[in-house]
Amino acid sequence: MRQISAGTGTQPWFGLFARYRDANNYYYVTVRNSNEISLRRQLNGGVLTLDTAPFTLSAGTWYSLRLEAIRDQLRVYVNGRLILEATDTAIAQGRYGAIMYKSATAYDDVTVTQP
């Protein structure tokens, strides 16, 4: 993934989602222009941050971002390195894909594997 440009306003970001059931229920990882990466859960419309870490985002740089959701374990890797992890059982299944907010982002070689 590579951020091409970011809009103005509240923290533009890009990332991946997992176990998407509908617009109010899914897990997602966000790489934010505020130099933070976070693993979040949206459940019944409410957002809960499960884990967060500092992350210096360089515009135009490619990042290999991986979101794993296996049983109750959620893990986020950047360029092969484990950055975030959490345990949660609220959402058991759903679709996977790319997500962004106020960010023009290029995605390449997106692969989804279900265990």
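The values are calculated or read from the model by the stated rules, or taken from the named source; none is laboratory data. None of these values were measured; they are calculated from a predicted model. All Cβ positions, even for glycine, are placed from backbone atoms using ideal geometry, and neighbour counts span all protein chains on display. Accessible surface is based on the protein model in full, side chains and every heavy atom, while ligands, DNA and RNA are left aside. Shrake-Rupley method; radii C 1.70, N 1.55, O 1.52, S 1.80 Å.
Quick one: how many residues across the range 6-24 are part of a strand (DSSP E or B) and open to solvent by less than 60 Å² (accessible area, probe 1.4 Å)?
Summing the residues that are part of a strand (DSSP E or B) and open to solvent by less than 60 Å² (accessible area, probe 1.4 Å) in the range 6-24 gives 9.
The one condition from (1) without any contact (Cβ under 8 Å) to a residue 60 or more places away in the chain; (2) among the hydroxyl-bearing types (Ser, Thr, Tyr); (3) under 21 Å from residue 4 (Cα atoms); (4) outside any strand (DSSP E or B) that residue 63 does not meet is (1). Return yes or no: is residue 99 part of a loop (DSSP other than H, G, I, E, B), in contact with a Phe, Trp or Tyr (Cβ under 7 Å, 6 or more places away or on another chain) and either touching a residue at least 12 places away in the same chain (Cβ under 8 Å) or open to solvent by 30 Å² or more (accessible area, probe 1.4 Å) (or both)? Here the answer is no, as residue 99 does not meet what is asked.
Out of 27, 63, report the one residue that is farther than 16 Å from residue 12 by Cα, open to solvent by less than 60 Å² (accessible area, probe 1.4 Å) and touching a Lys or Arg at 6+ places or on another chain (Cβ under 6 Å).
Numbers: 63 fails: touching a Lys or Arg at 6+ places or on another chain (Cβ under 6 Å).
27 is the lone residue from the list that is farther than 16 Å from residue 12 by Cα, open to solvent by less than 60 Å² (accessible area, probe 1.4 Å) and touching a Lys or Arg at 6+ places or on another chain (Cβ under 6 Å).
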